[in-house]
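Let me begin by presenting the structure, written as C-alpha cells, before commenting on it.
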Amino acid sequence: MNDVLEIGHRQICHWFAGLLVREINQTQFDAYLSGAADPLFEQLQTLCDVSAERVSFSGTLLEVKGEATPQLRSLAADFAALFLLDGPTSALPYASLYIGENGTMFGAPHQDMIARLADAGLSQALEANEPADHIAFMLDYLGRLLEADPSGQVAGNFVNDSFAPWIDSFEARVIAAKTEFQFYPVIVRVLCRYLRALKR
Amino acid sequence: MTTRRSVLKGLAASATASLLGPSVLTRAAQAATSSEGTWHITGSHWGAVKALVKGGKVVEVKPLEDDPRPTDMVKGIKGLIYNPSRIKYPMARADWLDKRENADRTTRGDNRFVRVTWDEALDLFHEELERVQTTYGPSGLFAGATGWRQTGQFHSCINHMNRAVSMHGNYVKKAGDYSTGAGQTILPYVLGSTEVYSQGTSWPVILENSKNVVFWASDPVKNLQVGWTCETHESLPYFDELRDKIAAGEINAISVDPVRTKTQKHIGGDQLYINPMTDVAFMLGIAHTLYSEDLHDKEFIDVYALGFDQFIAYVMGKGEDSIEKTPEWAAEICGISADQIRDFARMIASERTQLVFGWSVQRQQHGEQPYWMGAIIATMTGQVGLPGGGISYSHHYSGVGVPQTGANMPGAFPLNLDLGKVPEHDSSNFNGASSVIPVARWVDMLLNPGGKIQHNGHEVTFPDVRMCVFTGCNPWHHHQDRNKMRKAFQSLETVITVDYSWNATCRHSDLVLPACTQFERNDIDTYGAYSNTGVIAMRKLVDPLYHSKTDFEIFTALCDRFGRAKEYSRGMTEMQWVEQMYEDTRASNTGNFEMPAFADFWEEGLVRFGRGTDWVRHADFREDPELNALGTPSGFIEISSRTIEKFGYDDCGAHPKWMEKIERSHGGPKSDKFPIWLQSCHPDQRLHSQMCESDDYRESYAVAGREPAWISPQDAAERGIEDGDIVRVFNDRGQLLAGAKVSDDYAPGVVRIYEGAWYGPVDASIGALDTYGDPNTLTLDVGSSKLAQATSANTCLVQIEKFEGDAPAVTSFGGPVEVTL
C-alpha cells in the first residue's frame, strides 16, 4: 500500500502509458468510480484546461458502470478495437503507423526510440515484443525526462520531435473510431491536450 | 511548464496509485548492436532471399544471387512482416467469450474482440475441443481445411494443427483442394494419377523436340513466380529459350485462352481466343476433325487406350444426343470459325505437339470434362510418352519441368499421431454422417447438416459440424460466394483460427491466435519442389513480433492441456527438430549426394545438388504398357470409363461430353442479364491471398486503392468506364468495388479479378458491398459435378458499372486511413 504518492509529470505520463497499453481491471475501475483519478485531472488542469473532458470522463464511467456485460468486457472491446486490431475501427498507438515508412510498423520512430531507450539504459518491461514506438513507451520515457529536467526543455524537444508529428492524426482516428463508450476517446483527448501543452 | 506537484496520502494515495500500474520500461544494460547489421539466407514461396537484419529489424530483403529470375514479389516481404494487420495478441470475440455456444452469431465479423492471455486462449481452445467432442462427438468438429501454409518443413502449420487436434480427438476431414479439385479426381480414372501434382517432361526435352507447344488456359510465366516450397525459379529461363525458338521459327506456340496471357506476351506466338467455358466443345470439334480426316493414331489408340469406340460414336452423332460434333457445331459455341478448329486439329496432329494445360479451366462447372478431353486429344495424336509430345497438367506449378536431381529432401514434422497412439477422445461415431467431405462443399455442409450428396462414387452425408479450426488457411479468400458463407457461419458455435494477419477468416472467428511469420522462426526447406535442387536453411531473422508464437509452441502448449505435450514434441526443441531433419536427409543421400555437417550447412545456408536428369512423362508406359501400366482401373488410358459410367451421374458420364453451364457468357444461359464472364485466376503479384496486406507492394498494382478489374476497351467504352475509375461489379450473389484497368489483352465480355484479394465488406450484413474487390463475393458455389464436387469459381457472370458518388473506404487492411483534421 502506498501511504504517500507524489503526483507530478512522471505519474501523469505513467498513468497515460498504462491506460494505452493494457485494459483496466475491476480494481482500477472501482478506483475511478471513487474519484481516484481526481488528483491526476487536477494536476493536468494546472497545465491545460481539461475541465470539459473531466466531466465527460465522469459521465462515461457511470455509463460503463450501468453496463450489463461482466468484467468490463465492452470497455476491453473498445480498447481492442482502438489499440489492438487494425483497419478502420482502430487507432493503433504506434508512431510508425503515422509518420514512418509508409504505414509499416517498426519504422524510423521505432529505431529512434530504441536508440533513446538504450542511451537511457532502459528497455521494455512487457512480455511481448512490442515496437519501441508504442505510445506507452514514449510516454513513460517522457515522464522520466520531465522528472529529470523540471524545466521541461528536453522533454519539450522530445514532444516536438516525437509526438507532435503524429498525435493529431492519432487523436482524429481515435475520435472517428467506433467504440461503445467514450472512455478511451476522452482519455486520448486529455492526453493530446497535455502533449500539446508540453510542446515547445 | 509547471513544476508544481501534489502529494496524496493514505487511502487516496493508494487508490490513485492503483491506476498507474507497473511501469512499461525497466532499467537494463545496453545491448551491443552491430551498426552494419548481418545478412541471413532464408527461403520462401517467392524464392530464396537474403535479409539484412540491423538492430533487431529486417531492413532489406533481396533475392539470392543465384536466382535466375527473381520475382518482383520479394519487394512485398518486408511489408508482410511489419504490417499493421499483424495479429498482435490472442483475441476472443467479446460476445462469444461470455456466452460461448450461446453467443450471438450474427455479429461475427463486426470486430468486437477482446485480448486474452495465451493461457486463457489455449484453455479456451482446449475447453471448446472438449465440449464439442463430449457433446457432439467427432462429427461436430471440422479441422480439415488447409491452404498454402508458410514455407518450412518443420513449422508447416498444416502438420502441427492436424497432429495436435488429432491427439485430442477425431474430426471431419476434407478430400481434395481448391486448386485442382476436378482435375485430381478425374485424371486418375483417365491417366492413372492426379497428373496435376506430377513431374512433367523436362523443359530441355520439350525445347529440343516439340514443334508445337500449346498453352491451354495456362500462364506459367505468371504462376511460376511462386512455389509450394522454396522456389528456385530455374524454370523461367526456359521461357527465354522458348521465346528465341519461336522467334527463329523453330517452335510454334499457341495460347488457347480468352485472355492474352503474361506467358504469351513474354514468348510471343499466337493467341487462339475461344469463348470462356467452351473448351470442351472446341476439343470435340478437334476430335471430330482428327477422326473424320483420319489424322488420329489408330495403332497407338489400339495399344494404349480403351473406350475409343464409345467416345467417337458420341462425337460422330451416334451417341445418346445424336448430335454430330462437327467443327461447325463447335464454332457456334466457341466463337471461332470451323476452319480455325480444323486447322488447329491438323496442326497438332501433323507435328510433335506438347499440350500444356493450366488449372483454371477445371475450376468451373463440369471442370472434369476439359481435362478428360485434353487427354483424349493427346491420345488421338498418338504422342503421349514421346519427348516433347503428349499432355501436361502441371508445367505452371512449382518448377515442374526442371530436371530433377534425384536427391532426397527433408521430411516434415509428423502430420499424424505416432504409431500405436490413439486420441484422447477415440470415438469414431460420426452419427451416421461422413468423416470426410469434398473440401469445396464444406459451406454446403454447414448449411445442410444431414444432407446427402454424391461424390466420386460414394454418398456423402453432411455431418452436423459445430466447430471449425483453421490454421495458415484463409477460406474467406478461397471459398466461393461470401454472402452464402456469412449465412453458413451463423450455424457455427465456435471458430478458432491461427494465423499472422487479420484476414477475413480471423475477423469471422471467435478465437484468434497469433502465429509468427516464417521469418521469425528457424526451419529447413526443400529448394525446388520438383527439381530437388537443394536444401535451404531458414534462419530466424527476428524474434516473434508482439505476442505471436511459432505453430510448434502453440500446439505443444495446446497438447499440454491434455497431458500430451511431450508426445507431441517428442521432447525436442525447434533446433533439435531442424537438425534431425537435416541429418536424416544427409544420411539418406549418403553415397549419392554429399552434404556438409549441420553446423556448416546452417552457416552457409544452402546446399545444392547440381543439375538434374532429363525425363519424359509417360515414356515408361509407352515403352511397356504392361510392365509400366497406368494407375487406371484397366492400366491403359481410359477414353471412356466403365467405372465412372457405373456411378450413373448425369453431370459426368462414361466419356467427356459438352454440357451447357448453369450460367455462361457470350450468348449462354443468363448472359442476357449478366453479360460478362468473371475470371478469378491466380494473381500475378501475390500468392493467393498472401501478401495482399503488404501495403506498399499492393499500392504498386492497386487502382484507386482497389483490386484491379481488367476489362476490354469495348466493354469499358460501352459503360463509360475509363482506366482508373472505381467500378461496381455485381450479380445476384453480391457486389464489390474494384479499380478499372482497361486493356486490349482482354476480349469483350471478359473481366478478370485475381483471386486472393482480401474481403472487406462495408459492414457485417449479408449482401454488404465489398470495398476492396474480392471476386469470391460474386462467384458461384456449386460442385463441379457429382464426381469431384470441386470448386466452380470460374463459372460466374457479372455486370459492371462505373461507381458514382463517394466510394466507401477499404476495410480489408490495417494501416492508417487518411482523416481530415
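Quick notes on this structure:
- Any hit, segment A:101-110, residues being touching a residue at least 12 places away in the same chain (Cβ under 8 Å), surrounded by fewer than 22 Cβ atoms within 10 Å (Cβ to Cβ), in contact with a Ser or Thr (Cβ under 8 Å, 6 or more places away or on another chain) and closer than 30 Å to B:V542 by Cα: yes
- Among the candidates B:G137, B:G181, B:G176, the residue that is over 30 Å from B:N794 (Cα atoms) and at pLDDT 95 or above is uniquely B:G137.
- Condition check for A:A197: touching a strand residue (DSSP E or B) at 6+ places or on another chain (Cβ under 6 Å), within 11 Å of chain B (Cβ to nearest Cβ) and either surrounded by fewer than 19 Cβ atoms within 10 Å (Cβ to Cβ) or over 24 Å from A:F29 (Cβ atoms) (or both): no
- Residue identified as modelled with pLDDT under 95 and not hydroxyl-bearing (S, T, Y) among B:E332, B:E293, B:E320: B:E320
- The single condition from (1) under 30 Å from B:I766 (Cβ atoms); (2) out of contact with any helix residue (DSSP H, G or I) (no Cβ under 7 Å at 6 or more places or on another chain); (3) not basic (K, R) that B:T107 fails is (2).
- Hits in segment B:242-281 (condition: open to solvent by 20 Å² or more (accessible area, probe 1.4 Å), among the hydrophobic types (A, V, I, L, M, F, W, C) and out of contact with any helix residue (DSSP H, G or I) (no Cβ under 8 Å at 6 or more places or on another chain)): B:A247, B:A248
- Segment B:487-530 - residue that is open to solvent by 10 Å² or more (accessible area, probe 1.4 Å) and among the basic types (K, R) and, of those, farthest from B:R86 (Cα to Cα): B:K487
- Any hit, segment A:92-115, residues being among the acidic types (D, E), in contact with a helix residue (DSSP H, G or I) (Cβ under 9 Å, 6 or more places away or on another chain) and more than 7 Å from chain B (Cβ to nearest Cβ): yes
- The criterion of at least 1 residues that are facing chain B (nearest Cβ under 7 Å) and touching a residue at least 40 places away in the same chain (Cβ under 8 Å) is met, among helices (runs of 4 or more DSSP H) falling completely within segment A:1-54, by A:9-21.
- Number of positions in segment B:630-662 that are in contact with a Lys or Arg (Cβ under 8 Å, 6 or more places away or on another chain) and buried (at least 20 other Cβ atoms within 10 Å of the Cβ): 3
- Take the conditions (1) within 22 Å of B:R363 (Cβ to Cβ); (2) in a helix (DSSP H, G or I); (3) not basic (K, R); B:V460 misses just one of them, which is (2).
- Here is the figure for segment A:122-146: residues that are among the aliphatic types (A, V, I, L, M) and either more than 8 Å from chain B (Cβ to nearest Cβ) or farther than 22 Å from B:P514 by Cα (or both) total 8.
- Segment B:163-206, residues that are open to solvent by 10 Å² or more (accessible area, probe 1.4 Å), in contact with an Asp or Glu (Cβ under 8 Å, 6 or more places away or on another chain) and assigned to a helix (DSSP H, G or I): B:Q184, B:T185, B:Y189, B:P204, B:V205
- Candidate set: segment A:168-186, residues that are surrounded by fewer than 21 Cβ atoms within 10 Å (Cβ to Cβ), of a type in the set (A, V, I, L, M, F, W, C) and assigned to a helix (DSSP H, G or I); chosen: the one farthest from the other protein chains (Cβ to nearest Cβ): A:I175
- A:L75 falls short on exactly one of the conditions (1) in contact with a helix residue (DSSP H, G or I) (Cβ under 8 Å, 6 or more places away or on another chain); (2) assigned to a helix (DSSP H, G or I); (3) open to solvent by 10 Å² or more (accessible area, probe 1.4 Å), and that condition is (3).
- Within segment B:332-372, the set of residues being hydrophobic (A, V, I, L, M, F, W, C) and more than 24 Å from the chain's Cα centre (by Cα) comprises B:I333, B:C334, B:I336, B:A338, B:I341, B:F344, B:A345, B:M347, B:I348, B:A349.
- Selection within segment B:583-607 - open to solvent by 80 Å² or more (accessible area, probe 1.4 Å) and among the acidic types (D, E): B:D584, B:E594, B:D600, B:E603, B:E604
- Selection count where residues are in contact (Cβ under 8 Å) with a residue 60 or more places away in the chain, small (G, A, S) and not in a helix (DSSP H, G or I), scope segment B:517-572: 6
- One residue alone among B:V422, B:V443, B:V402, B:V498 is aliphatic (A, V, I, L, M) and assigned to a strand (DSSP E or B), and that residue is B:V498.
- Only one entry in B:A747, B:A717, B:A764 is at pLDDT below 95 and open to solvent by 10 Å² or more (accessible area, probe 1.4 Å), namely B:A764.
- Scanning segment B:621-641 for residues that are without any contact (Cβ under 8 Å) to a residue 60 or more places away in the chain and charged (D, E, K, R) gives B:D624, B:E626.
- Once segment B:86-96 is narrowed to residues that are in contact with a Lys or Arg (Cβ under 9 Å, 6 or more places away or on another chain), more than 7 Å from chain A (Cβ to nearest Cβ) and touching a residue at least 60 places away in the same chain (Cβ under 8 Å), the residue that is farthest from A:E130 (Cα to Cα) is B:W96.
- Yes/no for B:D123 being more than 14 Å from every other protein chain (Cβ to nearest Cβ), more than 19 Å from B:V465 (Cα to Cα) and either out of contact with any strand residue (DSSP E or B) (no Cβ under 8 Å at 6 or more places or on another chain) or surrounded by fewer than 21 Cβ atoms within 10 Å (Cβ to Cβ) (or both): yes
- Where a residue in segment B:392-411 is free of Cβ contacts under 8 Å to residues at least 12 places away in the same chain and its partner, wherever it lies, is open to solvent by 20 Å² or more (accessible area, probe 1.4 Å) and small (G, A, S), with Cβ under 8 Å and at least six apart: none
- The strands (runs of 3 or more DSSP E) found wholly in segment B:13-131 and carrying at least 3 residues that are within 30 Å of B:E234 (Cα to Cα) occupy B:38-42, B:49-54, B:57-63.
- When A:A125 is tested against the conditions (1) under 16 Å from the mean Cα position of the chain (by Cα); (2) open to solvent by 10 Å² or more (accessible area, probe 1.4 Å), the lone failure is (1).
The values are calculated or read from the model by the stated rules, or taken from the named source; none is laboratory data. Remember, predicted model here, so these are calculated numbers, not experimental data. Every residue, glycine as well, gets a Cβ built from its backbone with ideal geometry; the counts of neighbours run over all protein chains shown. Side chains are part of the model used for accessible areas, which takes the heavy atoms of the whole protein and leaves out ligands, DNA and RNA. Shrake-Rupley method; radii C 1.70, N 1.55, O 1.52, S 1.80 Å.
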